[in-house]
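Down below is the structure, laid out as structure tokens.
The values are calculated or read from the model by the stated rules, or taken from the named source; none is laboratory data. Since the model is a prediction, treat every value here as computed from it, not as a measurement. Neighbour counts are summed over all protein chains in view; Cβ atoms, including those assigned to glycine, are modelled from backbone coordinates with ideal geometry. These accessible areas exclude ligands, DNA and RNA; they are computed on the full protein's heavy atoms, side chains included. Shrake-Rupley method; radii C 1.70, N 1.55, O 1.52, S 1.80 Å.
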Amino acid sequence: MRNKFFLIFILTISFAKVSIRIESNPHSAHVKIDGEPFGLTPIENISLLPGLYKIDLTLEEFAPIHYSFDLQTAGFAVLRFQLNRIYTVTFNTQEKGLNYELDDQYNWIEEKINLKMEEGIHNLKVFDGDSLVDEKEIWINKPSKIFYELISN
Amino acid sequence: MKTLLNSPMGIRWIKPVCFLSFLILGNFCFWGCSFVRTIEYPELILLNSNPVVSVRYEYENVQLNLSKQVLDGEPTAYRFSIFNNSDINSPLISKIFFPDDTITVMLPLNVLSIEDSANVAILIPQGDDFEIVENYFSIEQSGVIEFPTAYIRRKPVILVGNVSRRIGDTPIEGAKVQIIDSIGVVGSSETNNFGQFTIELPSPFKDRKDLNLTVSTAGKFSRWRNQIDFQGEKWLSQPVVIGPRALFVNQGMVYRVIQNNTPFREGPENGSPIRFFLSEGDIFVAEKVAGDQLFGRVEIPIDKNDYFQHFEGWIKNKYLNFIQ
């Protein structure tokens, strides 16, 4: 009798699993689900129980993706990720003694520096000491050089 | 200061200025242009925006089909909705179909409940006062569910009432209640143990003026008959009181007429004029007996039972059954 219940329990669990396909653009990204490697995209027939998962995608020269995903009960699920490219951007200025900050978290003081930036629109803030003296949006869509000049009012 | 140039192990023959030049040239030779390369920021500059990801679920589907047959009226459209009983206010799907459309919807298997009769499909014909058709169902697996044919008709007119005995106001069970028109019986029912009855008729009967209600009790009491008129409404209540009054039966020996069309004569002699014919179940109270004939009276309710008229006459004994 105990074996019978165990068999029913196992069958119930196996029937409840959802088959998943993970795709990415571009393909060949490394996939980890809850820290466990699953190979390169596209990946077919990953069988998971409904629930919360953390999916990580990494690919050289592209921004990594960390995605929390609540898998619903279904027959089949397809996840398609769009990876953003990383471009090298050279920041150059002749201004002296200024602090620079990107996206409220990346700081430097050098007058010339190479940055590896995710494609998209970034926010640059320039500080003289503690005071904000300039703020700009920078659109990154290719490797580029930024020549920064502080224009005083 | 002790340096490479002036230390005992140093290169004393090189002049300090030349040593500096050699040092710079050596670095260029070894590192190339990268000797003066730009500093690199140690982290990736990420936008930290939500990742661009599309999630597409594919569910196993259930197809729900409903065929219909219009019996009465002409619906302009149909609203077909599927509900989960746990949330009857929010349909899982609600769709309008035109009269010529095939009524069918498709739903993912997982949105429907697997519990018994936990889902309900409701069809609401539009355009008039139609009856709503409900089908309760449960789901075990994907596939097609065919509901029974929905018969579309306008909400019926309903006659309700109760039949009771005049003496004691007790209910009469098993009385046969019929609605008849000029052609025949259009609806019938039988009273329950509380004397109650319900008869449904199609909607057009609400405007009919030729309807009569009859109540018969298998000869226990005379047949009751009265005209009914719904007056355009869909509900009518009709109480029915039958049988003789206590005042009447206390006037003598009580008999019941056992045959329809029993002659009620003015005198006991053969050939005496017939006042009228009595029906099975009519009550006759006898005052005197002469041979095979009894003299007495019958009570006829007039004007919806509110008024009674007594008639005296003779009946042959063979048409009567003694009660008390």
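Can you give the relative contact order of chain B as a percent, counting alpha carbon pairs under 8 Å and 6+ residues apart?
Taking the mean separation of contacting Cα pairs over the length of chain B, I get 11 percent.
Karplus-based coupling profile of region A:124-135, in residue order and whole Hz: 10, 10, 10, 10, 10, x, 9, 9, 6, 10, 7, 8, with θ = phi - 60° in 6.51 cos²θ - 1.76 cosθ + 1.60 and x standing for Gly or Pro. Shape class of region B:51-116 from the Cα gyration tensor (axes a ≥ b ≥ c, square roots of the eigenvalues): prolate, since a/c reaches 1.5 or more and a/b is larger than b/c. If the segment from residue B:173 to residue B:111 were pulled out straight at 0.36 nm per residue, it would be longer than the present Cα-Cα gap by 17.4 nm.
The listed peptides A:86-92, A:120-126, B:139-145, ordered by packing as a protection proxy, come out as A:86-92, A:120-126, B:139-145 (highest mean of other Cβ atoms within 10 Å first). What total accessible area, in Å², is buried where chains B and A meet, using a 1.4 Å probe and rounding to the nearest 100? Protein heavy atoms only, the B-A interface buries about 2600 Å². Counting only other chain Cβ atoms within 10 Å of each residue's Cβ, the peptide A:114-122 averages 4.
The mean number of partner chain beta-carbon atoms within 10 angstrom of a residue's beta-carbon across peptide B:105-117 is 1.
Share of antiparallel DSSP beta bridges in region A:16-82, in percent to the nearest 5?
Taking every DSSP beta bridge within region A:16-82, about 75 percent pair in antiparallel fashion.
Put simply, the Cα atoms of chain B extend 178, 44, 33 Å along their principal axes, the longest span coming first.
Across region A:139-145, rounded Karplus estimates of 3J(HN,Hα) from the backbone phi angles (6.51 cos²θ - 1.76 cosθ + 1.60, θ = phi - 60°) give 9, 9, 9, 6, x, 7, 10 Hz, Gly and Pro being marked x. Charged side chains reduced to their Cβ positions (Lys and Arg at +1, Asp and Glu at -1) give region A:86-148 a dipole of some 380 debye around its Cα centre.
For the protein assembly as shown, count all C-alpha to C-alpha pairs, find those more than 39 Å apart, and express that count as a whole percent of the total. When every Cα pair of the protein assembly as shown is considered, 64 percent fall beyond 39 Å. Rounded to the nearest whole Hz, the Karplus-based 3J(HN,Hα) values (6.51 cos²θ - 1.76 cosθ + 1.60, θ = phi - 60°) of region B:155-170 follow the sequence 4, x, 8, 10, 10, 10, x, 9, 10, 9, 7, 5, 7, x, 6, 8, with x at glycine and proline.
Restricting the calculation to alpha carbons of region A:16-82 gives Rg and Dmax of 11.3, 38 angstrom.
Note the direction-averaged projected area, equal to a quarter of the hull surface, for the Cα convex hull of region A:86-148, in nm². Walk me through the intermediate numbers first.
Details: hull surface 14.9 nm².
Projected area, direction-averaged: 3.7 nm².
Of B:44, B:167, B:180, whose Cα points farthest to the positive end of the dipole of chain B (charges on the beta-carbon: +1 Lys, Arg; -1 Asp, Glu; origin at the Cα centre)? Checked the options; the winner is B:44.
Taking a straight line from the alpha carbon of residue B:155, these lysines sit under 18 Å away, with near neighbours fewer than eight places off in the same chain left out: B:68, B:206, B:234. In region B:55-101, the residues whose accessible area drops by at least 10 square angstrom when the other protein chains are added to the isolated chain are B:55, B:56, B:57, B:58, B:59, B:60; the probe is 1.4 Å and only protein heavy atoms count.
For chain A, taking Cα atoms only, Rg and Dmax work out to 23.5, 86 Å respectively. Approximating the spin labels as points 7 Å out from Cα along Cα→Cβ, the residue A:141-to-residue B:77 distance works out to 4.5 nm. Here the dipole of the protein assembly as shown is about 1040 debye; that uses its Cα centre as origin and unit charges on the Cβ of Lys and Arg (positive) and Asp and Glu (negative).
Pairing the Cα long axis of helix B:16-31 with the longest principal axis of chain B, what angle in degrees results, from 0 to 90 and rounded to the nearest 10? The two axes meet at around 40 degrees.
If only the Cβ of Lys and Arg carry +1 and only the Cβ of Asp and Glu carry -1, the dipole of region A:16-82 around its Cα centre is close to 220 debye. Mean per-residue shielding of peptide A:56-69 is 2, counting Cβ atoms of other chains within 10 Å of each Cβ.
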